[in-house]
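Down below is the structure, laid out as structure tokens.
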Amino acid sequence: MTQEIAMLHDMSRCTACRGCMVACKQWHDLPPDMDTPFEGQYQSHRDLSSRVYTLIEMKERVDDKGKFHWDFFKKNCFHCGDPACAKGCPENAIDRNPNGTVVINQDKCVGCHYCEHNCPWHIPKIDEVLHKSYKCDLCYDRIAHGYETTGEIMQPSCSKTCTAHALEFGTIEEMKQLAAERLAMIQPNHPNANIYCPEGVGGTHMIYVLPDKPEVFGLPANPVTPLSIDLWKAGRTFTKLAIGGAAAGIVGAMVLSKMMRSNAKDQEKEQGKG
């Protein structure tokens, strides 16, 4: 039986070493970005891209008491239980697997941008040359390999390389329990600390322990997967069928008209012989 898995990122332990970014690049064999100009900050890239699936965001902040903070956040796909990207994909190119991973099927993807626009965090990014969408896949191939060879969970590359134990990986029950334990540990010093696993998107398989409110890290507090996506997709499918039916009707009418003209000519020839 496939286990439902999850990853925990305890932001209070993150040192922003960016080892997770390097490990992600190595495992997915991603080419380097050649257009990353220095912008006067420590963050390596401005945002995720078709070549960057994991990004450590680094933000400087001064709170209302005048205290300086350096906030780190590991930005990648949240692997929602009810993923808006999959629901909004007109080509059905995004699958939510039984273990919780959300994966893009590149053979079906046409790079339409709907996944990026529908995602509450705008995680998927399009390669404008290949016309394909890319994002973190939670190393689902490593996980699958572990099941096939040993029957045990094999960690994603990012959590495997984290030496600060800011990243942990296991079953979703284990990660939720660990998140609660970590939260209890930091709350005395961080009264606004919380667990970020939004229920509006069906819960996520990327669970965060945040030392402060989600807004501090640029996160929506209560993201949701809109019901309107289902209606939009159904309407789009109906429109496709309607257009296809209309086109088929036009072709059929043309064929029928041609057959009728051909029959009429045959009849005229027969009458001429008589």
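The values are calculated or read from the model by the stated rules, or taken from the named source; none is laboratory data. Remember, it's a predicted structure, so these values are computed and weren't measured experimentally. Cβ placement follows ideal geometry from the backbone for every residue including glycine, while neighbour counts extend to all protein chains displayed.
Only a single item in (1) buried (at least 19 other Cβ atoms within 10 Å of the Cβ); (2) touching a Gly at 6+ places or on another chain (Cβ under 6 Å); (3) not acidic (Asp, Glu) is not met by Tyr134, and it is number (2). The strands (runs of 3 or more DSSP E) located wholly in the stretch 1-102 include none with 3 or more residues which are buried (at least 18 other Cβ atoms within 10 Å of the Cβ) and within 14 Å of the chain's Cα centre (by Cα).
For the stretch 118-132, what are the residues that are outside any loop (DSSP other than H, G, I, E, B) and touching a Cys at 6+ places or on another chain (Cβ under 9 Å)? Show your work before the answer.
Quick first cut of the stretch 118-132, residues outside any loop (DSSP other than H, G, I, E, B) only: 118, 125-127, 132.
Hits for the stretch 118-132 are Asn118, Ile126, Lys132.
Selection of the stretch 172-231 for residues being assigned to a loop (DSSP other than H, G, I, E, B) and polar (S, T, N, Q) yields Gln187, Asn189, Asn192, Asn222, Thr225. Checking Glu116, Glu152, Glu199 one by one, the residue that is surrounded by 18 or more Cβ atoms within 10 Å (Cβ to Cβ) and more than 16 Å from His9 (Cα to Cα) is Glu116 and no other.
When the stretch 103-129 is examined, which residues are found to be in contact (Cβ under 8 Å) with a residue 40 or more places away in the chain and over 13 Å from the mean Cα position of the chain (by Cα)? Passing the criteria: only Asp127.
With respect to Glu168, determine if the residue is in the same structural domain as Ala221 (by the TED database) and touching a His at 6+ places or on another chain (Cβ under 6 Å). Spell out how you get there, then give the answer.
Values: in the same structural domain as Ala221 (by the TED database): yes; touching a His at 6+ places or on another chain (Cβ under 6 Å): no.
It is false that Glu168 is in the same structural domain as Ala221 (by the TED database) and touching a His at 6+ places or on another chain (Cβ under 6 Å).
Applying the set (1) more than 21 Å from Tyr196 (Cβ to Cβ); (2) out of contact with any Asp or Glu (no Cβ under 6 Å at 6 or more places or on another chain) to Val110 leaves exactly one unmet item: (2).
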